[in-house]
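For reference, the structure is listed below as structure tokens.
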Amino acid sequence: MSKEKPALKRIDDYRWEVPQTGGMRVRGLIYASEKLLKESGAEGVEQVINVAHLPGIVKYALAMPDMHWGYGFPIGGVAAFDLDTGVVSPGGVGYDINCGCRLMLTALTLADIENRLSQLVVDLFRDIPSGVGSTGEMRLSIEEEKKVLKKGARWAVEQGFGTAEDLEATEDGGVMDFADPERVSQKALERGREQLGTLGSGNHFLEIEVVEQIFDTSVARAFGIEEGQIAIMIHSGSRGLGYQICDDYLATLIKHMNKIGLSVPDRQLACAFIKSPEGQDYLAAMACAANFAWANRQMLMHFTKESLCRSLGISPRTLGMRLLYDVCHNIAKIERFPVGGKELPLCVHRKGATRAFPPGHPQVPNRYRSVGQPVLIPGDMGTGSYVLVGTNRAFEESFGSTCHGAGRVLSRAQATKKSKGRSIEKEMAERGILVMAAGKGTLREEMPEAYKNLDAVVEVVHQAGISQKVARLRTVGCIKG
Amino acid sequence: MKRKYRFINHIADVGIKVYGSSCNELFRNGALALYDLLVDISTVLPKEEHKITVQGEDLTDLWVNFLREALSLFHIEKVVCCNCYVAVINTGYGEAIMYGETLDLNRHRLKQEIKAVTYHQAYVKKTSTYWVGQVIFDV
């Protein structure tokens, strides 16, 4: 940890500068209101400073308003590195590689399901494997698993879990093509092979939501979002495979840094130069986990579709489920951004941050290109979600990135303590939200008070102009791991 | 040593602070603390032996890598453990035997998921009378 006390300079109501001091190679830039900044605590700011020490970092180390303490990089951290002089760091991606969200719209309204809601939640809970160490129905051979790692969501579609149209509405088309399964350890393969098609535990969830407010009617129309519409939000990642890949490469890169004499302020920031064999190996392994996560969310979507049709006794046509978009919020990508008047390829790390590309960008799917990329922001359990849209300002200022969610304010233990003697399940039900969870303590640990206010977080990115509000969704049913 | 270990709270995660009258005992107690977080350890029988060997850049790196290997038994071999014998601990190398059995969800109650062992605030040190170590888990 860096010793200097972080002194912040206010730029405007939503931007704070961390001045460049000591060994920092660039300054820091934090998006936050005064209130959110206070909630983030000093540890997050110190981590922004630590990230600014890394070789080859370009422009500034960024943090989003949902910033909170993480391993190495803060959660909500964004940093871009020059391909020739910069580094890639597993700590800048996180343990849950390609943790992300997928929002599916339906042709149903709340009135269509209101009477059946509790049965729907029970059925989804039964049909979607969730919880600690949950395993799916599929036990892949290592050979087949490697195909998943190579092909991502495309593998799932080839197996009948969805359509080619789903791939178009997935970030990167649901596959990173530089994935190399030979760079993944046996341990990681072993941890992943039983977990494809499972939600996981902790903050991962599947929610039934209703569109409650539209902020931008023309973008909402382009996205196909209407008030009163039922939608399903899935929040999951690459499961044990991703955790193991992160863990394996942290250990490898600590050795590697000792060998080449590179020192960083925190071991969790272990890194390698992007163009070194070690850096390339990590990227190729990380891409495998990213692909696994995309295949996983594609399968979860398929299971959800089947479960809803069965439970409601309707045809897929009546359900009318289609994928709005799938985004990752824990990833490193090679993308091009304007730097000093030129557009350069950079290695952008987003750890608890979401891509927010502007209208006209070639990586935005055709059907949305005139308005910009859909950005999905899940709240904490039962709060609902936002759909935002990417902006030019994000492209120019924040490496095409925005916030990813609400962000923790209470530790799991603090939340458990604070919820003593209360029934979180009952409290949620009183607010009209039906919840089922696999883990006994999950509801306490994940209770709404444990998180920052989602509306306040989204207001900051909206006012700062790094994404724009399109719609807000309210939760009516939730299954947790 | 009265106390072998205690659990510590961290912002998003959980950690352990571990004590031992020797470095070997510290490592043993660390492995026990890890499994005590994962599973109701009183329901686990020492039916199988699993040998683990680890390397490290320094003692703290070895400590983290040792706990990583111990956790791997659960994630990869689906084994839960209730005891540990530490045979060798040097700065750069360690050897231990973990005792336990194959996970059986009908008998073993899992307490919580541990995704990984992290380097954050990890340390091992010797005071004048005993050894102490700490580690934070990503859960």
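Each value in this text was obtained by applying a stated rule to the coordinates, not by laboratory testing. Note that the structure is a prediction, hence the values are computed from the model and not measured. So basically every Cβ, Gly included, is an ideal-geometry build from the backbone, and we count neighbours across all protein chains shown.
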**Request:** Above 25 angstrom, tally the Cα pairs of the stretch A:58-188 and express them as a % of all pairs, no decimals.
**Result:** 51 percent
**Alpha carbon Rg of the stretch A:1-130, scaled by the compact-globule rule 2.2 N^0.38 Å** = 1.44
**Message:** Taking 2.2 N^0.38 Å as the expected size of a compact globular protein, what ratio does the Cα radius of gyration of chain B give against it, to two decimals?
**Reply:** 0.97
**Request:** At a Cα cut-off below 15 Å, give the aspartates and glutamates reachable from A:Lys150, other chains included and same-chain residues fewer than 8 away excluded.
**Result:** A:Glu158, A:Asp172, A:Asp177, A:Asp180, A:Glu182, A:Asp281
**Prompt:** How far is the Cα center of the stretch A:416-436 from the Cα center of the stretch A:101-124, in Å?
**Reply:** 21 Å
**Request:** Sort A:Ser236, A:Ser311, A:Ser141, A:Ser467 so that the residue with the fewest other Cβ atoms within 10 Å of its own Cβ comes first and the one with the most comes last.
**Result:** A:Ser141, A:Ser311, A:Ser236, A:Ser467
**Request:** Loop only per DSSP, at most 15 neighbouring Cβ atoms within 10 Å: give me the GluC sites (Glu not before Pro) in the stretch B:37-139, ordered by residue number.
**Result:** none
**For the stretch A:305-391, average projected area of the Cα convex hull in nm²** = 8.0 nm²
**Prompt:** About its Cα centre, how strong a charge dipole does the protein assembly as shown have in debye, to the nearest 20, once Lys and Arg get +1 and Asp and Glu get -1 at the Cβ?
**Reply:** 1120 debye
**Request:** Relative to the longest principal axis of the C-alpha atoms of chain A, give the angle of the C-alpha long axis of helix A:117-127, reported between 0 and 90° and rounded to the nearest 10°.
**Result:** 60 degrees
**Message:** Just to compare against my own numbers: the Cα pair-distance distribution for the stretch A:9-480, 20 Å bins, whole % per bin, please.
**Reply:** 26, 61, 13, 0
**Message:** Below 22 Å, Cα to Cα, which lysines can A:Lys9 reach? Residues fewer than 8 away in the same chain don't count.
**Reply:** A:Lys35, A:Lys38, A:Lys59
**Fill in**
Fewest to most Cβ atoms within 10 Å: A:Leu312, A:Leu269 sort as A:Leu312, A:Leu269
**Request:** Arrange the following residues from fewest to most other Cβ atoms within 10 Å of their Cβ: A:Asp326, A:Asp177, A:Asp82.
**Result:** A:Asp177, A:Asp82, A:Asp326
**Asked** Of the cross-linked pairs A:Lys275/A:Lys333; B:Lys78/B:Lys125; A:Lys151/A:Lys259; A:Lys187/A:Lys480, which ones have a Cα-Cα span greater than 25 Å in the structure shown?
**Response** B:Lys78/B:Lys125; A:Lys151/A:Lys259; A:Lys187/A:Lys480
**Asked** Using a simple charge model, +1 on the beta-carbon of Lys and Arg, -1 on the beta-carbon of Asp and Glu, nothing else, what dipole does the stretch A:217-293 show about its Cα centre, in debye to the nearest 20?
**Response** 240 debye
**Prompt:** Once you put a point 7 Å from the Cα of A:Lys420 and another 7 Å from the Cα of A:Glu396, both along the Cβ direction, what distance in nm separates them?
**Reply:** 5.4 nm
**Item:** Among A:Ala437, A:Tyr60, A:His329 - extreme Cα towards positive end, dipole of chain A, charges at beta-carbon
**Value:** A:Tyr60
**Fill in**
Inter-part gap, Cα centre of the stretch B:1-43 to Cα centre of the stretch A:269-346, in whole angstrom, is 36 Å
**Complete:** Cβ-Cβ cut-off under 14 Å around A:Leu108, Lys and Arg +1, Asp and Glu -1: the net charge is -1
